[in-house]
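Working notes, beginning with the structure itself.
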Amino acid sequence: MALVVGWALFGETGIFAWNDYQRELNQRRAELVEVRRETSVLANHRDLLDPRRADPDLVEEKVRGELNLLHPDDIVVPLPQRQ
């Protein structure tokens, strides 16, 4: 009987493990919110870069960024890198 009670309390599906599962579930939910936010941002950029209806300002920004092209009268404002 003590073995069954011990397993119910301390086993991998026991009462004490339940708190660990809840904490891990909350962490995964927070990660899911962040991934969904990043997915939304990327989907927005994808839509803006669609060749059939591309936003000219965004396309110019991307091309200039990739090719390092600047006009003599451009002002460069460095932004901190996102991680």
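The values are calculated or read from the model by the stated rules, or taken from the named source; none is laboratory data. No experiment lies behind these values; they were computed from the predicted model shown. FYI the Cβ positions are ideal-geometry reconstructions off the backbone, even for glycines, and counts take in every protein chain you see.
A few notes on this one:
- Selection of segment 23-56 for residues being out of contact with any helix residue (DSSP H, G or I) (no Cβ under 9 Å at 6 or more places or on another chain) and either within 21 Å of residue 77 (Cβ to Cβ) or of a type in the set (Gly, Ala, Ser) (or both) yields 30, 40, 41, 43, 56.
- Matching residues, segment 9-49, being surrounded by 10 or more Cβ atoms within 10 Å (Cβ to Cβ) and outside any helix (DSSP H, G or I): 11, 14, 49
- Remark: pairs (first residue in segment 50-74, of a type in the set (Val, Ile, Thr); second residue surrounded by 10 or more Cβ atoms within 10 Å (Cβ to Cβ) and in a loop (DSSP other than H, G, I, E, B); Cβ separation under 7 Å; 6+ apart in sequence or on different chains) = 59/49.
- Filtered by the rule that a residue be surrounded by 10 or more Cβ atoms within 10 Å (Cβ to Cβ) and not in a helix (DSSP H, G or I), segment 51-79 gives 54, 55, 69, 70.
- Positions within segment 5-39 being among the β-branched types (Val, Ile, Thr) and modelled with pLDDT under 70, in sequence order: 5
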